[in-house]
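**Student:** The structure follows.
The values are calculated or read from the model by the stated rules, or taken from the named source; none is laboratory data. What you see is a predicted model, and the numbers here were worked out from it, not measured in a lab. Cβ: placed from backbone, ideal geometry, glycine included. Neighbour counts: every protein chain shown.
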Amino acid sequence: MSEYKNQVRSNLKGKPYRTEVFIGSHTLITDEPLDKGGMNDGPEAHSILLAALVACTSITVKMYIDRKGWDVGEIAIDCSMTRTIEKGEQHTFAIQNISFTKDIDEATKNRILAISKKCPVHKTLSPAISIETNIL
């Protein structure tokens, strides 16, 4: 069994929802939009979740393309997410659209699509995530 552990810390003080998130030596500011009572000092949490997904997908796809020696030009990924509640149950649906600045054939597209689903963040988000919350 292999284990991969990440750890982040947050600090919310001062402004209503502005949160500093510490990731190793990096600091990320998150907030809520003005219409939700925040100051819009940074992206909201669901956007950061999507950012993690597209970043990981981009890197996974690029590593594979580099190993194959393919020239696809630039890689861009647009991602959107919708959440609905049906009969008290939340359903979340994310769509990633990958594009390249150079033309690629259908077989290559299909292989890249399959590889994109092997992204570690995709694999983490696809099944249910077990979350334990504690108050210290």
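**Student:** Filter the range 9-46 for residues that are part of a loop (DSSP other than H, G, I, E, B) and more than 24 Å from Met81 (Cα to Cα); which is farthest from the chain's Cα centre (by Cα)?
**Tutor:** Of all residues in the range 9-46, those part of a loop (DSSP other than H, G, I, E, B) come to 13-18, 24-25, 31-33, 37-44.
If we keep only those that are more than 24 Å from Met81 (Cα to Cα) as well, we get 13-16, 24-25.
Numbers: Lys13: 25, Gly14: 27, Lys15: 26, Pro16: 25, Gly24: 18, Ser25: 20 Å.
Among those that are part of a loop (DSSP other than H, G, I, E, B) and more than 24 Å from Met81 (Cα to Cα), it is Gly14.
**Student:** So in the range 66-118, with the set limited to residues that are aromatic (Phe, Trp, Tyr) and within 22 Å of Ala52 (Cα to Cα), which one is surrounded by the fewest Cβ atoms within 10 Å (Cβ to Cβ)? Full working, then the answer.
**Tutor:** Step one: filter the range 66-118 for residues aromatic (Phe, Trp, Tyr), giving 70, 93, 100.
Adding the requirement that they be within 22 Å of Ala52 (Cα to Cα) leaves 93, 100.
Working: Phe93: 9, Phe100: 18.
Per the stated criteria, the residue is Phe93.
**Student:** Give the residue, chosen from Lys118, Lys109, Lys62, Lys123, that is over 28 Å from Leu28 (Cα atoms) and either assigned to a helix (DSSP H, G or I) or of a type outside the set (Val, Ile, Thr) (or both). Write out each step before concluding.
**Tutor:** Values: Lys118 fails: over 28 Å from Leu28 (Cα atoms); Lys62 fails: over 28 Å from Leu28 (Cα atoms); Lys123 fails: over 28 Å from Leu28 (Cα atoms).
After ruling out the rest, the residue left standing is Lys109.
**Student:** Yes or no: the range 24-41 includes at least one residue that is within 15 Å of His122 (Cα to Cα), touching a strand residue (DSSP E or B) at 6+ places or on another chain (Cβ under 8 Å) and either surrounded by fewer than 14 Cβ atoms within 10 Å (Cβ to Cβ) or modelled with pLDDT of 95 or more (or both). Write out each step before concluding.
**Tutor:** Going through the range 24-41, the residues within 15 Å of His122 (Cα to Cα) turn out to be none.
The answer is no, given that none of the residues of the range 24-41 is within 15 Å of His122 (Cα to Cα), touching a strand residue (DSSP E or B) at 6+ places or on another chain (Cβ under 8 Å) and either surrounded by fewer than 14 Cβ atoms within 10 Å (Cβ to Cβ) or modelled with pLDDT of 95 or more (or both).
**Student:** May I pose another question? Quick one: would you say Leu49 is surrounded by 11 or more Cβ atoms within 10 Å (Cβ to Cβ), more than 11 Å from the chain's Cα centre (by Cα) and part of a helix (DSSP H, G or I)?
**Tutor:** For Leu49, the condition - surrounded by 11 or more Cβ atoms within 10 Å (Cβ to Cβ), more than 11 Å from the chain's Cα centre (by Cα) and part of a helix (DSSP H, G or I) - is not met.
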